[in-house]
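The structure appears below as structure tokens.
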């Protein structure tokens, strides 16, 4: 592997994700992992809540001193509260199609998997899925589909987005569609922006070029540069909120953690704004895929520490965890940095509208947390979190650099907390079980009492409007 000079401002993948810098950073961190003076300096800087460099964060991650690790967890909890409060945003993935031309060896969608039933939803079937999701109470979706230029062209994605936004069912509507589709060109990203998407999400899978090319032997995804430089094209295409992530388990976690933060540094250096979200999926069992083939799977304890160190390193980024993880693991990381979770998820095409007919063989991965959305909302409330269905920032154009500035100075709370309470009241009124409704309304009353006078007046009025059926979708 050719050595490049690390340059976060470079448009070249091998320069902003520089292999030589990653190797050197890991070596340095291993040599200094128990350097008390250096660790104290890094923690002191971290307490300023302005983030850390990739190398500083790596030293925290690799250290094995119990007292330092306790401080890392305590600081991650504080930063989570300071920047995102006790709110947890809820969403659901919507799988449109599992046709794919790529040969990704860890994904059952890969083209040579002849056991998987291939499905692509029509617009009418998408309507059925969206109605089912609305009846659960969801307001925010993440579109998922395989890469197939003929079966899943951009025109299909754009038509599907329009269909989703047009569906109004009872009191339900999808107010924000995030999109997780294959890397594409700048013009296509502009079309997605014009369609009104929220965040464009693309996981790198692995930043290790050698490993990446081995795991993606065929198809357009084999091109490492195409994948790694995609966020630059998306942002040049006008999408100012992007979501990055790696699939932990494909390469060593130290390599991926370091490279992920280098990607953050690159986006900040070039576009003056880092990623809106960072996702931390782990390799999971799936049809035709044997996780035992991958020697780099990580333990729950390492996974939890990764979340904590990412929260400290990038205080302003939202952090996402899916139903790939168990209830127990999600409970641990919610305190340490996670600000968005999926709920009631199906990873098969058409799994929401016809759950009794759901074809498990068409799922992308096994779901570990199979609870209903209502069960998850109740669980969040019981654990001191405020479940949020709010999508106001996108309607008020608080995106990209503007959102990050509000988040960095911690004034985003003035909008997000009142809006979260109002969106929660919608859920409680329209969809919740009696137990969830009783608990939720009790907690809303407690939270309203903590608001500034003007915000409390606004929220109180519209809480009553929602209960009386006078309207929905109130927000600051």
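Readers should treat all values here as calculations from the given coordinates under stated rules, not as data from a laboratory. Every value quoted in this text rests on a predicted model; they were computed, and no experiment measured them. Note: ideal-geometry Cβ built from the backbone for every residue, glycine included; neighbour counts use all protein chains shown.
How much of the DSSP bridge set in the chain is antiparallel, in percent, rounded to the nearest 5? That works out to approximately 10 percent antiparallel. Can you list, bin by bin at 20 Å, the percent of alpha carbon pairs in the chain, starting at 0? Going from the shortest bin to the longest, the percentages are 24, 59, 16, 0.
Which value in nm describes the separation of the simple spin-label points at residue 151 and residue 464, placed 7 Å from the Cα toward the beta carbon? Once both label points are built, they end up 5.5 nm from each other.
Modelled spin-label separation between residue 169 and residue 69, with each label point placed 7 Å from Cα along the Cα-to-Cβ direction: 4.6 nm. Computed extension length for residue 114-residue 82: 6.6 nm, one decimal, from 0.36 nm per residue of separation with the Cα-Cα distance subtracted.
Can you give me the Cα centroid spacing of region 85-156 and region 379-395 in angstrom? Here the answer is 24 Å between Cα centres. Kindly identify region 72-127 as rounded, prolate or oblate by the Cα gyration tensor criterion: order the square roots of the eigenvalues as a ≥ b ≥ c, call it rounded if a/c is under 1.5, otherwise compare a/b with b/c, prolate if a/b is larger, else oblate. It is oblate, given that a/c is not under 1.5 and a/b is not larger than b/c. Going 7 Å from the Cα of residue 30 in the Cα-to-Cβ direction, what parts of region 47-80 have a backbone nitrogen less than 20 Å from that spot? Within reach of a label on residue 30: 54-65.
Once you sort the root eigenvalues of the Cα gyration tensor of region 1-106 as a ≥ b ≥ c, which label holds: rounded (a/c under 1.5), prolate (a/b larger than b/c) or oblate (the other case)? Verdict is oblate for region 1-106.
What the Cα convex hull of region 360-458 gives, in volume per residue, is 162 Å³.
Convex hull volume of the Cα atoms of region 41-97, normalised per residue: 148 Å³. Taking all Cα pairs closer than 8 Å and separated by 6 or more residues, the relative contact order of the chain comes to 19 percent. Full extension of the chain between residue 375 and residue 135 gives 84.9 nm of extra length, using 0.36 nm per residue less the Cα-Cα distance.
With a Förster radius of 51 Å applied to the C-beta separation of residue 449 and residue 159, the computed FRET efficiency comes to 0.65. If the segment from residue 297 to residue 434 were pulled out straight at 0.36 nm per residue, it would be longer than the present Cα-Cα gap by 45.2 nm.
Summarising the label geometry, the points placed 7 Å from Cα in the beta-carbon direction at residue 7 and residue 442 lie 6.1 nm from one another. Residues within the reach of a label modelled at residue 327 (point 7 angstrom out along Cα to beta-carbon, backbone nitrogen below 19 Å), restricted to region 414-448, are 432-440. Protection proxy ranking of 463-475, 303-315, by the mean of other Cβ atoms within 10 Å over each peptide's residues and highest first, is 303-315, 463-475. Treating r as the C-beta distance of residue 38 and residue 396 and R0 as 35 Å, the FRET efficiency rounds to 0.25. Which part of region 393-420 falls in the paramagnetic zone of residue 456, meaning amide N under 15 Å from the point 7 Å along Cα-to-beta-carbon? Answer for region 393-420: 418.
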